[in-house]
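Heads up, the thing below is written out as structure tokens.
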Amino acid sequence: EFHYSILFLDIDNFKSINDSLGHSSGDQALIEIAQRFKNCTRTIDTVARFGGDEFVILLEHTTKKNPAISMANRILTELQHPFILKGKEILISCSIGIVHGISKYNNSEDILRDVDSALYRAKERGKAQYEIFNIDMRTSTMSHLEIEGDLRRAILNGEFFLDYQPIYSLEQNHIEGVEALIRWRHPFRGLVMPSEFIQIAEESGMILQI
């Protein structure tokens, strides 16, 4: 009968702290970040470092979405106060994914999969954002993975080709040049337009091969 929520938090651009100030400063920042997270939670909640610069917060007794949203807003506000690292004021933000009502899940892996999807969507929107998971995100994530796998095969099989769109001068009344446009001839889906695969290709690094 209990209701729980999960917050998955990832520190934005944390690598830049390690790169510019050193790993000892990064460790110091993680300790203070964790303390600020604990300050924002209730005594019945659990704050855990998940790995690297990722944290998970388990909120108990959340019959409505409001406690999870309030917690996310409280954390984002708390992180707006500067951190002092090596005598310098550093601004640190985080992105947050939320799964509300985890009682419907059967195992922790499914919860973490979905809350990670929400976190990914929050990061897409920019820094210092939160996003609540919905079933459409799972579909989008599966589609993303499917396209990424298909892209690898498409590169090997030479499924990409160019269309040439003429650039026409109305003043001179002739073709001045052409624009080369990438297209993907998928063996099952047919013609796939760039808007469906270019971003995924860039994120995976396959854009260079393409």
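The values are calculated or read from the model by the stated rules, or taken from the named source; none is laboratory data. Since this is a predicted model, take the numbers as computed values, not measurements. Positions of Cβ are backbone-derived with ideal geometry, glycine not excepted, and every protein chain shown enters the neighbour counts. Surface accessibility is based on the protein's heavy atoms, side chains included, excluding ligands, DNA and RNA. Shrake-Rupley method; radii C 1.70, N 1.55, O 1.52, S 1.80 Å.
The residue pairs whose first member lies in the stretch 44-57 and is surrounded by 14 or more Cβ atoms within 10 Å (Cβ to Cβ), whose second member is among the basic types (Lys, Arg), and whose beta carbons are closer than 9 Å, counting only pairs six or more residues apart or on different chains, are 45/38; 47/38; 53/15; 55/49; 56/49.
Taking every residue in the stretch 119-137 that is over 10 Å from residue 96 (Cα atoms) and pairing it with any residue that is among the β-branched types (Val, Ile, Thr), at least 6 positions away or on another chain, the pairs with Cβ-Cβ distances below 7 Å are 133/98; 133/99; 133/115. Take the conditions without any contact (Cβ under 8 Å) to a residue 12 or more places away in the chain, open to solvent by less than 60 Å² (accessible area, probe 1.4 Å), within 26 Å of residue 121 (Cβ to Cβ) and out of contact with any Ser or Thr (no Cβ under 8 Å at 6 or more places or on another chain) and apply them to residue 200. Does it pass? Taking the combined requirement at face value, the residue does not satisfy it. Taken over the stretch 122-136, the criterion of being closer than 21 Å to residue 77 by Cβ and assigned to a helix (DSSP H, G or I) is satisfied by 122, 123. The single condition among (1) assigned to a helix (DSSP H, G or I); (2) over 26 Å from residue 42 (Cβ atoms) that residue 165 does not meet is (1). Look at (1) within 20 Å of the chain's Cα centre (by Cα); (2) under 22 Å from residue 81 (Cβ atoms); (3) of a type outside the set (Gly, Ala, Ser) and you find that residue 50 fails only one, number (2). Scanning the stretch 4-31 for residues that are open to solvent by less than 60 Å² (accessible area, probe 1.4 Å), in contact with a strand residue (DSSP E or B) (Cβ under 8 Å, 6 or more places away or on another chain) and either closer than 20 Å to residue 81 by Cβ or among the acidic types (Asp, Glu) (or both) yields 7, 9, 10, 11, 12, 17, 21, 25, 29, 30.
Selection over the stretch 82-92 of residues that are surrounded by 15 or more Cβ atoms within 10 Å (Cβ to Cβ) and of a type outside the set (Val, Ile, Thr) gives a count of 2.
Among residues that are part of a strand (DSSP E or B) and touching a residue at least 60 places away in the same chain (Cβ under 8 Å), residue 115 is not included. The condition (being acidic (Asp, Glu) and open to solvent by less than 50 Å² (accessible area, probe 1.4 Å)) is satisfied by just one residue among 131, 171, 176: 131. Only a single criterion out of (1) open to solvent by 30 Å² or more (accessible area, probe 1.4 Å); (2) in contact (Cβ under 8 Å) with a residue 24 or more places away in the chain; (3) in contact with a helix residue (DSSP H, G or I) (Cβ under 8 Å, 6 or more places away or on another chain) is not satisfied by residue 105, namely (2). Does residue 165 satisfy the condition of being over 28 Å from the mean Cα position of the chain (by Cα), open to solvent by 80 Å² or more (accessible area, probe 1.4 Å) and over 30 Å from residue 111 (Cβ atoms)? So residue 165 fits the description; yes. Being closer than 21 Å to residue 198 by Cβ, modelled with pLDDT of 90 or more and surrounded by 15 or more Cβ atoms within 10 Å (Cβ to Cβ) is the requirement here; does residue 154 meet it? Answer is yes for this residue.
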